[in-house]
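Structure record follows, encoded as structure tokens.
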Amino acid sequence: MPVTLIIYAILYAAALVFLAGCVARAVRYARAPLHLRWEVYPVPHEEPQRVRHGGSYFEETDWWTRPAQFNLLGELKVMLPEMLFLKGLWEFNRQLWYRSFAFHLGLYLLTGTLALLVLSALLWLAAPGLIFGATGRLLHYVYMATGVSGVALAVVGALGLLHRRLTDEELANSTTGGDIFNLLFFLVTLGTLAAGYVFAGPEAPGVLGIAYGWLTWDASLEIPPVLAAGLILGALLASYIPLTHMSHFIAKYFTYHSVRWDDTPGRHSAKLQKRFAEYLTYRPTWSAPHVGADGAKTWADIATANPAPGAKK
Amino acid sequence: MKKGVRLSQMAREDREPLVHLDHADLMRLPAPLEDPAQDHHWAPLSAQARERYECGLDDTCAVNIPQPKTKAEEEELVKKFLAGLDKLFTRENNWTFLQPLLLTMEHCARCQTCADACHVFEASGRNELYRPTFRSEILRRLYFKFVQRGGVLSAFQHGDIQVNWPLVARLVELAYRCNLCRRCAQTCPMGADNGLVAHELRKLFSQEMGIAAKELHEQGSMLQLKVGSSTGMNSVVVKDNLEFIDEDMSEKTGLEVHTPWDVEGADILLIHNAGEILAWPENPGAFAVVLNAAGLSWTLSSELAGYDSINYGLWYDDAQFARVAWKHLEAARKLKVKKIVLGECGHAHKALSVVADRILAGEMDIPRESALTLLRDIVVNERIKLDPARNNFPVTLHDPCNLVRLMGVVEPQREIVRKICPQFREMEPHGVDNYCCGGGAGFAIMSGNNFPAWRFHVSGRKKLAQILTAFGDCLDPSIPKYLCAPCSNCKGQLRDLLAYYGLWERHRILYGGLAELIVNAMADVQPGFLEWEWR
């Protein structure tokens, strides 16, 4: 099989592994049992006048007699700045924000570049006239701008993060080999891709050509070795991300919506009550005598037992 | 070594403490306590405690685990610990908190944003041992190694760790150096929760190994389940005490004060933290005055645990937590009340209103509400006549973490103090961004060994600084000042903290609850309900 086809196959495989990894992780968290309530205020979907001071429906007398409110706008006002601008970090760790935001913005731009390239390649297939006309030129300028700035920002951010990891004594206990490796992985991948593009030579296919070739399985394309190495590294990096804590873009959905902001009262949800009734039938095996878990008793049995000797039952 | 303790040192075989704090290391306090040289000397941990118990963490010892006598005993304990660790990550054993725990284990970015939010870490002078991620990082490494059965690659990715008895014993103590205020969780960009880690470690030790602070277990939840209250009061004693309080209140207020007991069909079952009845009787007394004056239908319950809202299981044990919550609900069900109102106790609020919420269904799902909202309605709707001029002294408000950051009850108490206290001033920061009093998660009642010295110098230090700053313009002892803390555990910590630093004697800073301020401002009550006496 020609090398080019092997590269295409690796890229397809990486896309699949990335998606499968992300889905598997999301499913694992989604299938975890619902937990006891553990919210932290402010909860932004509370009523707007309460969000201002971080209050909850518990501030009202007889709160259970009023219909539940859900302030979607309030959630969006917090979610969007967090997703786009890392607002939490800006607020609580400004020094880190400069590095982290550069890195993340770089990755967002590169993701956008990838999407634009695939879109352009699809347009090439569907309406070649468009891609070789003004639309194509416009798209070219946009993905080149996002691509170049994305690589630059991600590299600067990753270097900044690496510098902090290696020099800040306060991070010594929490820095593992993996943390350094992950940042180096990004730097080497981005550096190889950039070098592969810059030194590709006039005969080499452009990025759109490669995207088109990838979609059409064009074996005739000759990808320069350095660029090919960059693409393979990129594929490996994409496959690797869902296996690590770097997949926090998935985890954050759950930490925010299922934990930090989950204030739904049990009485307002029959579904919740059903799930919790099921959990109370589980049979724990904790060994401390006072728990009284013998593997046969359920959580409901344990919760209604009184282990205190001589207690009024 | 004062700073820079490494994770690997937790497994050090000797029993020497890993860190020692000097006054000069600690966060500086504002005037008049700004000179570290003038600070109290810590009571040292006794040689006897060091010899008998596992006290190899720092300057104090909270749990008093007896030292194993043989290597075989140590190995057995480590085995138990690892068995408990496995259970912590199974559905059957830990459905209660599995999802947030997994998320915290697998998605901390190790960015240390949480560290600046932690009052213990800051007050300790940024000592590594008290960094919120220090204990989390240990649990995380144990999780990947022993639960996920990670090999060499996992150790490279997540960090390696050696497990032995000294590490486990130190981890027990370290689980009791966090107030579970979850200020760190509020700031984590990932939503990871180091407070939860301390909570889950405590659970593992209690539910699998039977290890817990005795003030929380034997003298706490077990005593409550046995006689009805962790104070040791049974229903006869508690009724006697309330009768005496009623008499005292009648005399002080000039009103006929009567606390109703076991009134079937009452609208409200009021549950106080029974500690109030013994330590601050004016608080349940003030509640009786206000609720009677407002003409509400209410009652106390003499059922087992029905007169003591505490639920220490919240801090260390799910089984004990569920049992006590169940008793509270049973008391309400028997009386057929319309709702439970929780008195001034933060953790009782969170335990029964929030954490227990979803395990209650059918006839046991009796609505629960905060006394603060009820009092707010009475005050703001002018159901009692108030004269704010009677409270014309500087007042500041402490926000109990469990009520505010962890339950969202922020404004009702403020609406009250703004209406009845002309000289009210906020601490900074306040509301959901507040700092813990340093007594949270059971510390306020933990007084073994020299633990109080640690909670005064370290966990309570940030709150102390806030109090001094809030009253910075009126420290003159000729001006009486009131620190309002609508939570029994917080009051216990603040009482000890203010006394330790002589702030009542030297600067006339008194602490107390919210209901007392309301009664002090009631126009129909004889003036001078607040006695400005230290207790």
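Coordinate-derived values only; no laboratory data. Since the structure is predicted, the reported quantities are computational estimates derived from the model, not experimental observations. Methodologically, a virtual Cβ is constructed for each residue, glycine included, from the backbone with ideal geometry; neighbour enumeration extends over all protein chains shown.
Counting 0.36 nm for each residue step from A:N71 to A:V118 and taking away their Cα separation leaves a gain of 13.3 nm. The listed peptides B:112-120, B:493-501, A:175-183, B:248-256, ordered by packing as a protection proxy, come out as B:112-120, B:493-501, A:175-183, B:248-256 (highest mean of other Cβ atoms within 10 Å first). Exposure proxy shown here: for A:V207, B:V379, the number of other Cβ atoms within 10 Å sets the order, fewest to most, as A:V207, B:V379. On the principal axes of its alpha-carbon atoms, the stretch A:101-225 has extents of 58, 27, 22 Å, going from largest to smallest. Both radii were evaluated on the Cα set of the protein assembly as shown; the Rg over Rh quotient, with Rh as the Kirkwood radius, amounts to 1.02. Among B:297-310, A:112-125, B:401-414, B:423-436, the peptide with the highest mean count of other Cβ atoms within 10 Å heads the list, and the full ranking is B:401-414, B:297-310, B:423-436, A:112-125. Within straight-line reach of B:K350, meaning a Cα separation under 16 Å, sit the following aspartates and glutamates at least 8 residues removed in sequence or on another chain: A:E39, A:E59, A:E60, A:D262, A:D263, B:D308, B:D317, B:D318, B:D365, B:E369, B:D399.
Rg/Rh, computed from the Cα trace of chain A with Rh as the Kirkwood radius, has the value 1.09. What's the center-to-center distance, using Cα atoms, between the stretch B:12-85 and the stretch B:280-311 in Å? With the stretch B:12-85 and the stretch B:280-311 each reduced to a Cα centre, they are spaced 40 Å.
Cβ crowding within 10 Å, taken as a proxy for footprinting-reagent exposure, orders B:R149, B:R358, B:R535 from fewest neighbours to most as B:R149, B:R535, B:R358.
Taking the number of Cβ atoms within 10 Å of each Cβ as an exposure proxy, the fewest-first ranking of B:L503, B:L21 is B:L21, B:L503.
Across the stretch B:7-209, Cα-Cα distances exceeding 25 Å account for 40% of all pairs. In chain A, excluding the sites themselves, the longest stretch lacking any of the GluC sites (Glu not before Pro) that are in a DSSP loop with at most 15 other Cβ atoms within 10 Å is A:1-202. Report D for chain B in µm² per second (integer): Stokes-Einstein, Kirkwood Rh on Cα pairs, 4 °C, 1.567 mPa s. In µm²/s, the coefficient rounds to 54. With respect to chain B, whose longest principal axis is taken over its alpha-carbon atoms, helix B:235-253 is tilted by about 50°.
Could you please state, rounded to a whole Å, how far the C-alpha centre of the stretch A:192-237 is from the C-alpha centre of the stretch B:456-535? One Cα centre to the other: 71 Å. Counting, for every residue in B:107-118, the Cβ atoms of other protein chains within 10 Å of its Cβ and taking the mean gives 6.
How do B:37-47, B:206-216, B:442-452, B:178-188 rank on mean C-beta neighbours within 10 Å, highest first?
B:178-188, B:206-216, B:442-452, B:37-47
Site pair B:E247 and A:L215 shows an inter-label distance of 9.1 nm when each label is modelled 7 Å from Cα along Cα→Cβ. Peptide A:294-305 is shielded by partner chain Cβ atoms: per residue, an average of 3 of them sit within 10 Å of its Cβ. Only Lys, Arg, Asp and Glu carry charge here, each on its Cβ (+1 for the first two, -1 for the last two); on that basis the stretch B:7-209 has a dipole of about 720 debye about its Cα centre.
Among the residues of B:206-217, the average count of other protein chain beta-carbon atoms within 10 Å of the residue beta-carbon is 3.
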